[in-house]
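*Asks:* Right, I'll just put the structure down here and ask away after.
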Amino acid sequence: MEEGKDYYVRFNWYHRLSHFVMMTTFIGCTLTGPPLKYSYDFWAQAMMNFWGGVHNAGLIHRVMAGFMVGVFVVHAIYLMYWVVIRKADVFGPDSIFFRKKDLYDLIGMIKWFFDRGERPRFERFTFWEKFDWFAVFWGIAMIGTSGFALWFPTVTGQFVSGIFLNVARIIHGDEAILAIGWILFVHLYNSHLRMNVFPLDPVIFTGRMPVEHLKHDKRAWYDRLVQEGKIKPQ
Amino acid sequence: MGRRCAERGHPRAGLGRLSRLRRLEAVLGLALLLCLAVAWPAAARDVEGCLICHGDPDFVDTTPTEGGPKSLYVDSATFVESVHGELACSACHKGFVLTIPQHQVDVEKDFRQVAIEACEACHPDAFMSYQTSSHAKFYYQDEAGPICISCHGSHAIKRVRLGEETAEFKMEMARDSCGRCHEDYFDRARDEFHIKALNLGYERAATCFDCHGYHENLALHSGEPETVEACRQCHPGANAGFTYFQMHLEPHFLNAWWGVRAVYLFFSTLLIVVLVVGIAYTTVHLQKETRIILGVMGGGLGRLFGFIRALEEESYRSTGESDHEREPDKPTRSGADEEGGA
């Protein structure tokens, strides 16, 4: 980046740390899980050997999963803190929860794609960022629960019929593929390959977003920040 | 029983049936044999003697049979390496005594039965537990059931290490031994955790005989005490509910409880729909922002690279231009820029 630019700190250390841990553990699980699912494919054995066998891969998978669920739990507490103690406006412009504007933004985006209108003026979080955030909740709920069920199969057997272990395996596998596909084809594109950030958007690691970029990308938020005097207008 | 038929000659193995070359070989062999018969200790003599003829890889029985010509070749190297490498051939082939010029073949009885009896003589315990299995029952009914040699083979029997089997051995057992006859059950088990893990070398996972017993071959049923016991070997906390886990579900769970099929259908659909929508959206977005997709299709990669270079140069340089004001050919940054300029 060029010198003398103005930056706005979009992500604080907690956001960055969460994302980093989430990212590393996700990659860890992605590299250790699928070889078992696709056991008979030619690459599976090589990948398992890389980890030093199924046992080690399983161990890494579990450690990674543990941290991932940890991030999830801490995040839940963080949200509670904002909602309950800080009384944040859950459906306000700064919130990551879905709100009505996101639907309009989606429609606006599609119109823009086909040259039928202006690019929507996004607030702090675009709807696809919100979706990625929400997807993690869904994913962890599904993959995490089924994963723990398979991790302790006999404990699961104490509570429900063993057939739910078959069910858990279906969910665990399908959702994992969904998550991997989504991250690879949608999330990575949306956050790094878009024109104004290509080839890599460091904001999630540095937390600092050039105001210039902010202005292009999230106009409504930019305007609001300028109004609140938090950034100098460009 | 060997003795019973010992008087009978080798019925079909007259040297006359062998080719001229073979005949010559056999005669030379017999000459050698005579020398050996004098000089070698009994067991070694038996093996070496039999291998004079049976050690030839091209040695086939030309008698027309259903399966075509049958190889009578015995690979001495693998035999010597097998657990029975020290035994004489006639330890198992009881009817066969090295007589000259030809040996005896027991035609009275099916050799399969002879084989069981031979194995039984030295492995009574294994025989007893085999005897309780439905395999034995089935064998005695109509001979389609497996006998000792169906699972162990005959001349290359390897040492068994109960509880210390390698994953390769377990996988081989599942695929090539049990799976040979129970193809359907193997196909149903191969997509399940235990067999998949075995396939990748995880020796602690269960193969067919870990659950079903290796000679008893229990027919397991969910919820029953034997099944609980079977699982408890490795899952100490197993209870009856746990055993309702289904080991043998068909691909796509066609034979499963409807709940499993419903979940499978739901999540597979979800997977496809979400990914298709997500990727479609992303592709259109990519096209809008970069004009890459149609660009590449229409104008080749050169434009793409030129475009990326232009992009780098332009990065974060706010311009007042909009799409329309540029030369029509030049790829543009569009979108964000338009707004920037606005």
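The values are calculated or read from the model by the stated rules, or taken from the named source; none is laboratory data. All of these numbers come straight from a predicted model, not from anything done at the bench. In this analysis, Cβ positions are derived from the backbone assuming ideal geometry, glycine residues included, and neighbour counts consider all displayed protein chains. Areas reflect the complete protein model, heavy atoms only, side chains present, ligands, DNA and RNA absent. Shrake-Rupley method; radii C 1.70, N 1.55, O 1.52, S 1.80 Å.
*Asks:* Is it true that A:F131 is more than 30 Å from A:Q227 (Cα to Cα) and out of contact with any strand residue (DSSP E or B) (no Cβ under 8 Å at 6 or more places or on another chain)?
*Replies:* When the stated conditions are applied, A:F131 does not pass them.
*Asks:* Which of the residues belonging to region A:151-186 are closer than 30 Å to B:T283 by Cβ and more than 9 Å from every other protein chain (Cβ to nearest Cβ)?
*Replies:* Correct list: A:H172, A:A176, A:A179, A:I180, A:I183, A:L184.
*Asks:* If I ask for residues that are more than 23 Å from A:H187 (Cβ to Cβ) and in a loop (DSSP other than H, G, I, E, B), which ones from region A:15-72 would you list?
*Replies:* A:S39, A:Y40, A:D41, A:G52, A:G53
*Asks:* Just checking, which of A:D94, A:D115, A:D102, A:D89 is part of a loop (DSSP other than H, G, I, E, B), of a type in the set (D, E) and in contact (Cβ under 8 Å) with a residue 24 or more places away in the chain?
*Replies:* Criteria check complete, one pass: A:D94.
*Asks:* I'm told A:F125 meets every condition in (1) part of a helix (DSSP H, G or I); (2) closer than 28 Å to A:E175 by Cα; (3) of a type in the set (F, W, Y) except one. Can you identify the failing condition by its number?
*Replies:* Failing condition for A:F125: (1).
*Asks:* Moving to a separate point now. If you go through region A:184-233, how many residues are farther than 16 Å from A:N12 by Cβ, of a type in the set (G, A, S) and assigned to a loop (DSSP other than H, G, I, E, B)?
*Replies:* Selection size over region A:184-233: 1.
*Asks:* Here's something else I'd like to know. Filtering region A:169-210 down to residues that are of a type in the set (S, T, Y) and surrounded by fewer than 18 Cβ atoms within 10 Å (Cβ to Cβ), which residue is farthest from B:E289 (Cα to Cα)? Explain how you work it out, then say what you get.
*Replies:* Applying the first criterion (of a type in the set (S, T, Y)) to region A:169-210 yields A:189, A:191, A:206.
After this cut, where a residue has to be surrounded by fewer than 18 Cβ atoms within 10 Å (Cβ to Cβ) as well, the list is A:191, A:206.
On the way: A:S191: 13, A:T206: 25 Å.
Checked region A:169-210; the qualifying residue farthest from B:E289 (Cα to Cα) is A:T206.
*Asks:* Which pairs do you get when a residue that is within 15 Å of B:I195 (Cβ to Cβ) and charged (D, E, K, R), found in region B:159-179, comes within reach of a residue that is assigned to a loop (DSSP other than H, G, I, E, B) and open to solvent by 20 Å² or more (accessible area, probe 1.4 Å), reach meaning Cβ atoms under 9 angstrom, with the pair 6+ apart or on two chains?
*Replies:* B:E165/B:E203; B:E168/B:G201; B:E168/B:E203; B:K170/B:E203; B:R175/B:R190
*Asks:* Only one of these is modelled with pLDDT of 80 or more and closer than 24 Å to A:P35 by Cα: B:A136, B:A189. Name it.
*Replies:* Result of the check over B:A136, B:A189: B:A189.
*Asks:* Across region B:140-192, what is the number of residues that are over 25 Å from B:S76 (Cβ atoms) and either of a type in the set (G, A, S) or surrounded by fewer than 16 Cβ atoms within 10 Å (Cβ to Cβ) (or both)?
*Replies:* Count: 19.
Per-residue answers, yes or no, for (1) open to solvent by less than 60 Å² (accessible area, probe 1.4 Å); (2) under 19 Å from the mean Cα position of the chain (by Cα):
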site	(1), (2)
A:F11	yes, yes
A:A44	yes, no
A:F67	no, yes
A:I85	no, no
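*Asks:* So B:Q287 passes all but one of these: (1) under 27 Å from A:K37 (Cβ atoms); (2) open to solvent by 30 Å² or more (accessible area, probe 1.4 Å). Which condition number does it fail?
*Replies:* (1)
*Asks:* So, one more: Among (1) open to solvent by 40 Å² or more (accessible area, probe 1.4 Å); (2) part of a loop (DSSP other than H, G, I, E, B); (3) more than 9 Å from chain A (Cβ to nearest Cβ), where does B:V277 come up short?
*Replies:* (2)
*Asks:* Count, please, the residues in region B:234-256 that happen to be surrounded by fewer than 19 Cβ atoms within 10 Å (Cβ to Cβ), at pLDDT below 85 and of a type in the set (A, V, I, L, M, F, W, C).
*Replies:* 1
*Asks:* Something else now. Filter region A:52-68 down to residues that are facing chain B (nearest Cβ under 10 Å) and in contact (Cβ under 8 Å) with a residue 12 or more places away in the chain and give me whichever is nearest to A:T32 (Cα to Cα).
*Replies:* Of everything passing the filter in region A:52-68, A:A57 is nearest to A:T32 (Cα to Cα).
*Asks:* Could you go through region B:114-129 and let me know if any residue there is part of a loop (DSSP other than H, G, I, E, B), modelled with pLDDT under 85 and either within 14 Å of chain A (Cβ to nearest Cβ) or open to solvent by less than 40 Å² (accessible area, probe 1.4 Å) (or both). Don't jump to the end; show me each part of the working.
*Replies:* Kept after step one, since they are part of a loop (DSSP other than H, G, I, E, B), are these residues of region B:114-129: B:123.
Those still in the list that are modelled with pLDDT under 85 too: none.
No, region B:114-129 contains no residue that is part of a loop (DSSP other than H, G, I, E, B), modelled with pLDDT under 85 and either within 14 Å of chain A (Cβ to nearest Cβ) or open to solvent by less than 40 Å² (accessible area, probe 1.4 Å) (or both).
*Asks:* Tell me which helices (runs of 4 or more DSSP H) are completely within region B:170-238 and hold 1 or more residues being among the aromatic types (F, W, Y) and farther than 19 Å from A:R169 by Cβ, or say none if there are none.
*Replies:* B:208-212
*Asks:* Further question: Filter region A:211-234 for residues that are more than 7 Å from chain B (Cβ to nearest Cβ) and of a type in the set (D, E); which is surrounded by the fewest Cβ atoms within 10 Å (Cβ to Cβ)?
*Replies:* The selected residue is A:E228.
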